[in-house]
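Since the structure comes first, as structure tokens, the remarks are kept for the end.
Bear in mind that the values in this text are calculations on the coordinates, not laboratory data. As the structure is a computational prediction, the values presented were derived from the model and not from experiment. Here the Cβ positions follow ideal geometry from the backbone for every residue, glycine too, while neighbour counts run over all protein chains shown.
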Amino acid sequence: MAQTQMSLNQEQTYTQKLLQIIEGKLKCNIWNREKYDEILELIVTEPQKSDKTSSYYYLVRKYEVLQCGDVKKIVKKRNSSDEDVKYYVCLEDMYSIVQKIHISIGHGGRDIMVKVTNRKYVNISNKALELYKELCEECQLKNVELLVKALLLNL
Ligand SMILES: [Zn+2]
């Protein structure tokens, strides 16, 4: 119970900080779930001819919607179906996805996180990865251990 409580708080901290980072940005492709669903709906709903605005064309040029099981996901527009699928992630899902990546590479550093993330996701920014790394308790603990070791070696 205590553990769940703690990770929930960490998730909230993460999402809030990420929100602060993206809020000041004019061009940002990290949306909250509401905006994500809105965009998804715009892409999948074929508008009437007269309603096909330039913003509709912009969306369908840039994004594609894939049916994954019973959920629809926004992915980067591919030129052919052989191309790798790269997903857009909404703000609320960012924490759990970055967490999974970070743990799967054994608490690796930012560069390897970026590499792994870019294979599958479009809009998880370097900042979003750095932020997770900063909040990761195990990584912080490891840093302290390294620091102590370094200090002991210098004695
Ligand atoms: Zn870590």
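Across the chain the C-alpha pair distances fall into 10 Å bins from zero in the proportions 9, 32, 31, 17, 7, 3, 1, 0 percent. Between residue 38 and residue 104, the contour length at 0.36 nm per residue exceeds the Cα-Cα span by 20.6 nm.
Taking the Cα centre of the chain as reference, the dipole from Cβ charges on Lys and Arg (+1) and Asp and Glu (-1) amounts to some 560 debye.
For the chain, the residue among 106, 123, 68 whose Cα projects farthest onto the positive side of the dipole built from Cβ charges is 123.
Each residue of region 69-83 was assigned a 3J(HN,Hα) from its phi angle through the Karplus expression (A = 6.51, B = -1.76, C = 1.60, θ = phi - 60°), giving x, 9, 10, 9, 10, 8, 10, 5, 4, 9, 7, 8, 6, 6, 5 Hz with x at Gly and Pro. Remark: for residue pairs 76/120; 17/149; 100/120; 77/127; 27/49, the C-alpha separation exceeds 20 Å in 17/149; 77/127; 27/49. With a cut-off of 14 Å between beta carbons, the residues surrounding residue 68 carry a summed charge of +1, where Lys and Arg count +1 and Asp and Glu -1. Computed on region 39-147, with alpha-carbon pairs under 8 angstrom and 6+ residues apart, the relative contact order is 18 percent. Among the DSSP helices (H) of the chain, those spanning at least 27 angstrom by Cα along their long axis with an average Kyte-Doolittle hydropathy of -1.0 or more are 2-23; this is a geometric and hydropathy rule only. Ordering of 58-71, 89-102 by packing is 89-102, 58-71, highest average first (other Cβ atoms within 10 Å, averaged per residue).
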